[in-house]
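This report refers to the structure that appears directly beneath it.
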Amino acid sequence: MWNYDFVFPNIIILVTFFLFYKLQPHLSISRNRSFMRLVLLEIAMIIVDIISSKCLDNYTAYPLLFLKAINILYFVLFLFRCTFFFHFTVLLFTHRAKQKKKLMFLVYLVFWLCFMVVIANFFTPTIFKIDNLGYHKGALYNSIYICAFFYCILAIVLLISYRTRFNKISVVYAIIFNVILLAGYVIRLCFPRYLIMDFFCLLSILVIYLSFENSSNYMDAKSGAFNLDALSLFLEEDKYRRSVILGIIIQDYDDMREIYTDSKMNFGIASISEFLKKSYPKLNVFYVNNGRFVLAGNTSRFAGTFLERFFHKSTISPEKCTQDIKENVRKRFSYPWIDENQMVELYLDVRFIEVQKDFNSGDAPKFLQGMLTALNSKNSIVHNDTVISDETLKIIEKNSDIKRIVRNAVQSRQVEMFLQPLVSSQDYKLVGAEALARIRLPDDTVMAPTVFIPVAEKNGLINLLGEQMFEKACEFVSKYDIRALGLSWINVNLSPLQFLKNDLCERFSAILKKYNVEAEQIHLEITEEAMIDYAILKKQIQNMKSAGFKFVLDDFGSGYSNVTRLNHYPFINIKLDMEIVWDYFKTHEEILPALIKSFKRTGFTVTAEGIENEDMARGMQKLGCDYLQGFYFSKPLPQEEFLKKYSESCEVNPADFI
């Protein structure tokens, strides 16, 4: 006789759980379908287990063929259950189709071998036999448990082996549900009369649900649509190759949120999401924050009856679907989103992000990054805007490489200091130099600062980079006799972000002390952008001025400052941006001469940047500039080349560089 104490509660819980799960929204992806099959299979498994056990309790009342068939069905379902649990584990952590095929070939080979052993029981007692004395184990009965142990142990080994490639918590949960299964198989093998195996399977299913299948983890609470994590899962299955993928962006979302308030815009987001879900029930609606939606789904599920799709009579291209959707969405946005209860009336505009027709990339993470980059774009084009293409992904890949190179260079202190001379406008003699950061690439070329400085600012590395350049300049002054070179000072650039650091003065003072360098030997260049926040800048400059630091305003003419504002700051030198210098020689307007005269009367010295020929040098001299800087005198040079050029003579010969 079999003990049924565990089995009836299990099936009640599973059926309730199945109904609850079905009522929740889920992505149409392999992982979710696999989980659903697993739950249904477990319900079928319990039912067959009960029927077969009940029949064996009274085996004389049933035909032998029926008893064989129902028990063989049980063992077949047993094998399927083992395989399905393993297959779900594979789907969790292996997204590439080729990898899955190679792995599942081995898995299915074991399955089919065991399956043939079970089916053979119709002809010979391989797994079990039933005679006048009842039910008995066959010679190969334990082979089904060997199969079960194989799947569980292989899953655990794979998870441990590849644990560093995935989220650690997810790997731990996956190992837990496989260990629970393994424990259930062992207990069932040891106590075959107790139908307890299904209890362990139920536990495993609950762990899977709570860890991976809970739809609330993939839903955006504000909109009721799927979130960014769900979009990532969708794209990992390469569905974008045969799908409608359309980004929908609310124009000027931040401004609209300020105009209408947060609560009203939240209503708008929820209303737009509901409209998209009702209008396109066969497509997945994703909300990726800040007024950005993505519609995605397979075109074969978009329109037409089952028979029409089966016979390919309702083939709708992704391009046609996309255009239809855009037309409908634009039409809906042409009138307001209204909530009569709260007296809300929102007037919003929309633009779209499309996928290029011949797009063929097979890298889902890159595609997702491309989609997010396009959604974050400030492009205001309202009409067709095809931006996701192979070229887009190439640019993104290049940018990712740049980010990696910059991060490695800064963190390993491999950023080089180049020096560009500043010369006297009267005799072209060397008086100072500007320290410029450069990153050398593996092919020995040098990455332009216009490329890596914005990356360092976005990645939070600019403070570390700026401090390293300041220290390299101090080390250079300490190591070499700069007076013998003709240098009175070295200019070091400060990012506006560095001025937000409260300990900037203390850190720079400590570096000066470390190399025994006077503060007046290192001039700090700041751009007009740093002058936007007057209070912070004034406080920082006053603290550092008290410590002996001197400041230079860099790139004057490219930003926000004026002569009146400059009087409030203790700058010793104003550097004219190269653009304003070049414009003067094109137009010869009187604005620049007047500015230079104003600077001189106020007590500033003036440096002209971007000097490229003799006429520009002489012209800036006549206007009253004190110092000149530009390629006419020298391009930025590595330290060694700079020392070699100027160790014997302090005079800069332009002929050496033209």
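Please return the longest stretch of the chain lacking exposed loop sites, where GluC sites (Glu not before Pro) count only if DSSP places them in a loop and at most 15 other Cβ atoms lie within 10 Å.
Values: sites that count: Glu340, Glu518, Glu589, Glu590, Glu648.
With a cap of 15 other Cβ atoms within 10 Å, the longest stretch comes to 1-339.
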On the accessible surface of the chain, probed at 1.4 Å, how many percent belong to carbon and sulfur atoms? 57 percent
Could you give the length gained on full extension between Glu612 and Lys282, defined as 0.36 nm per residue of separation minus the Cα-Cα distance, in nm? 112.5 nm
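So what is the relative contact order of the chain, in percent, for Cα pairs below 8 Å that sit 6 or more residues apart?
Numbers: 907 pairs, mean separation 53.1, N = 658.
Averaging sequence separation for qualifying contacts and normalising by length gives 8 percent for the chain.
For the range 148-294, would you read off the P(r) tail past 17 Å as a percentage of all alpha carbon pairs?
On the way: 7663 of 10731 pairs.
The calculated P(r) of the range 148-294 puts 71 percent of pairs beyond 17 Å.
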Debye intensity ratio I(q)/I(0), log10, the chain, q values 0.07, 0.09, 0.10 Å⁻¹ (C-alpha model): -0.72, -0.94, -1.04
Förster radius 35 Å - calculated FRET efficiency between Thr450 and Asp481 (Cβ-Cβ, nearest 0.05): 0.60
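Stretched out fully, how many nm does the piece from Tyr135 to Asp255 gain, at 0.36 nm a residue minus the Cα gap?
Details: separation 120, 0.36 × 120 = 43.20 nm, distance 7.59 nm.
So the extension gain works out to 35.6 nm.
Counting only helical runs of four or more DSSP H residues, what would the 222 nm mean residue ellipticity of the chain come to if each run contributes -39,500 (n - 2.57) and the total is spread over all its residues?
Details: 24 runs with 342 residues, N = 658.
After summing the helix terms and dividing by the residues of the chain, the value is -17000 deg cm²/dmol.
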So how much accessible area does Arg407 have, in Å² to the nearest 10, using a 1.4 Å probe? 90 Å²
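In the chain, which whole DSSP H runs stretch at least 15 Å along their own axis (Cα) and average 0.0 or higher on the Kyte-Doolittle scale? Could the numbers behind the result be given before it?
Working: long enough: 7-22 (23 Å, 1.86); 30-57 (40 Å, 0.80); 64-93 (45 Å, 1.98); 97-119 (30 Å, 1.38); 143-161 (26 Å, 2.53); 168-190 (33 Å, 1.91); 197-208 (17 Å, 2.52); 262-279 (25 Å, -0.21); 318-333 (22 Å, -1.66); 364-376 (18 Å, 0.47); 390-411 (31 Å, -0.67); 462-479 (25 Å, 0.09); 504-515 (17 Å, 0.11); 534-546 (18 Å, -0.60); 591-602 (17 Å, 0.48).
Length and hydropathy pass: 7-22, 30-57, 64-93, 97-119, 143-161, 168-190, 197-208, 364-376, 462-479, 504-515, 591-602.
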Spin-label point model (7 Å from Cα, Cβ direction): what's the Glu319 to Met116 distance in nm? 5.0 nm
Asp349's amide H: which non-local residues (gap 5+, or another chain) put their own amide H closer than 5 Å, with H modeled 1.01 Å from N in plane and none for Pro or chain starts? Gln251
Among Ile490, Ile47, Tyr151, whose Cα sits farthest toward the positive end of the charge dipole of the chain (+1 at Cβ of Lys/Arg, -1 at Cβ of Asp/Glu, about the Cα centre)? Ile47
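Using 0.36 nm per residue, how much length does the chain from Ile176 to Glu579 gain when fully extended, once their Cα-Cα distance is taken away?
On the way: separation 403, 0.36 × 403 = 145.08 nm, distance 6.39 nm.
The Ile176-Glu579 span can extend by a further 138.7 nm.
Just for the chain, what percent of DSSP beta bridges are antiparallel, to the closest 5? Show your work: numbers first, answer last.
On the way: 38 of 65 bridges.
Given both bridge residues lie in the chain, the antiparallel proportion sits at roughly 60 percent.
The values are calculated or read from the model by the stated rules, or taken from the named source; none is laboratory data. What you see is a predicted model; the values in this text were computed from it and never measured. Note: ideal-geometry Cβ built from the backbone for every residue, glycine included; neighbour counts use all protein chains shown. Side chains included, ligands, DNA and RNA excluded: accessible areas come from the protein's heavy atoms. Shrake-Rupley method; radii C 1.70, N 1.55, O 1.52, S 1.80 Å.
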